[in-house]
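One structure is given below, encoded as structure tokens.
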Amino acid sequence: MPVINTVNAIDYALIALYLCVIVWVGFYSARQNRSSDDYFRGGGKVPWLLAGISNWVSGFSTYMFVVAAGFIYRNGLCSLIIYTSGFWGYLIGFLWVAPLWRRTRIQAPFEFLTRRYSPSTTWFYSVMSVPTQVAGLGQGIYILCLFGSTALGFNNATWHIAGASLAGWQACILIMGIVLILYSMAGGLWAAVLSDAVQSIIILVMTLIICPVAYLYLGHGGGLLAGVQRMIREVPPGYLSGMNGPLHSRLFLAAWMMTALIGYNFNWALVQRYHSVADDNGARKMALLCAVLMVIGPIMWVLPSMASRVIFPNIAAAWPTFPEPTEASFVGLALTLLPHGLIGFVVSAILSATLGADNATLNWLSATVTHDLYVPARKRLGFSPASDRNKLGMARSTMCVLGALGVAVAFQVPRFGGAFKFVAVLSSIVVGFMMPVGLGLVYRRTPWWSGMAACLAFVASVLLCTATGWGKSADFVRNMFLATGVTSAVFFASALWWNPADPRNAGILRLDADLRTPVEPAADGGRAVRQGGLKFFLMLGRLGYLFGGALLACRLFVPSTAIVSSNLNLVAGGLLIGIGWLLCRAGAQR
């Protein structure tokens, strides 16, 4: 088995540079926020290209490079079917759902619930779903820091902070939590979009390098084709079958596809991106871009982890402290086959994936608490209407509190059986909350209480099955079929009580009219949006120069070894500078 390197001072310097840039992006983005509308949805002026890239990046996290990498290592080619399933979800978005979301004409995601159902539904969903989203935020931070502390070599260390003794992963949670909260509070949605764009550049370059390097190593000088042929020869029987592993169960495959179709159309963070663009056409383009990226990206991430099955046949021996050693397959490749400098770059890319996903969650949560809970509550209590300044202050305070709660949850994840089990249980419950949202968007002839009734029916069915132990061995599949079947049955049954003359349904009729009315381009043909996008392309291009120059400088201090060529730093640096040049050229157009 090849020797796995450890992170050194050069790698730490590059990771620190990345974290500083991310915080700076947050404060840079703050200059774009002249109102609460800018803070929550970018004023509807986010270019579709930036919105699409942001949504794609925030749609995955360290989960893809850790938990998913372990799944790929164990199960092989069937992973492509699972991890490219988002293509079908976004394709439906392009053909149907994306323009509907833009036509809702909302400022914050949960405002849709008020328009489609009732204010009481918004309060109900806030109580039911916001806590689960905070739990999801915590599990994302936990997975990130479990990976980060292990990859950086201090997982087994003990840190003494403010009189408390913390394990390495716990100290990492505090550090990354502070970074996340700072840049999220500062910039709002613009911070999410721009930091995601920075992260996409890092992830693109990392992916373009690590995939061919893995197969060149397998080829022992025979080239990429020789490496692919060796992988095919040496993987276990059935590893290259598209229907092995959990896909032996057609029920599991059906449940997974339902998760993709629902999750990639009715996720609240996605909703916020859809109404951040200028018009229907921008929403469609955004969905189509995400569909394409959901095919290209997973292919490039699945292939290296499949190669690691041959490179690390006994991966448990290489990562004895990792809770699930197979989940170190991707980072193991980076530490083994890449030079210092580029190793720090890859760690930064994986850090950036989860920071993007968690920032998206924090952003829509703060929008919901501020716009859909705080503002109505202030009015009901007889206070004067909230000003924009007041809303911005509340949003930033909410981000700080929710981020701190997410950090607290991250410390508790090991008590729930670890990250994989925690994610599986959480995702199956979240889908049940999403179903009434999606059903209410595409069908508007049910009464104001139908969303709450459908959601409560799902919760009751899950609690009943859990209490009786029915379906415990396949709880993900069980919960998915309950989420789709029970909620749909109750939702459509409620149509029997639909009465368009009921005053409480007047808002639903107004929403129905809006959903039939396209959002047209601005009077200037979208020139203001394009000009704003060009300014941000210039900023991103300059950051490409910065990161590229840092990697070129690493070449001066990093020697090559028999396995690792330090010239890879030159390749990565050149790619970054090339991307920076293209972005600057695009940004210079007027």
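Every number here is computed from the coordinates shown, using simple stated rules; none is lab data. These numbers were taken from a predicted model, which means no experiment stands behind them. Quick reminder, even Gly has a Cβ in these numbers, built from the backbone with ideal geometry, and neighbours come from all protein chains shown.
What relative contact order, as a whole-number percentage, does segment 251-393 give when Cα pairs under 8 Å and 6 or more residues apart are counted?
Relative CO of segment 251-393 lands at 17 percent.
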> Hey, in the chain, which Cys have no second cysteine's beta-carbon closer than 4.7 Å?
Replying inline: Cys20, Cys78, Cys211, Cys290, Cys400, Cys455, Cys465, Cys554, Cys584
>> Please rank Asp279, Asp11, Asp502, fewest neighbouring Cβ atoms within 10 Å first, as an exposure proxy.
In response: Asp502, Asp279, Asp11
> When only Cα pairs under 8 Å and 6 or more residues apart are kept, what is the percent relative contact order across the chain?
Replying inline: 28
>> Quick check: residue separation of His220 and Leu208 times 0.36 nm, minus the Cα distance between them. What number comes out in nm?
In response: 2.4 nm
> Given H placed 1.01 Å from N in the peptide plane, which residues other than close sequence neighbours of Ala167 have an amide H under 5 Å from its amide H?
Replying inline: Trp159
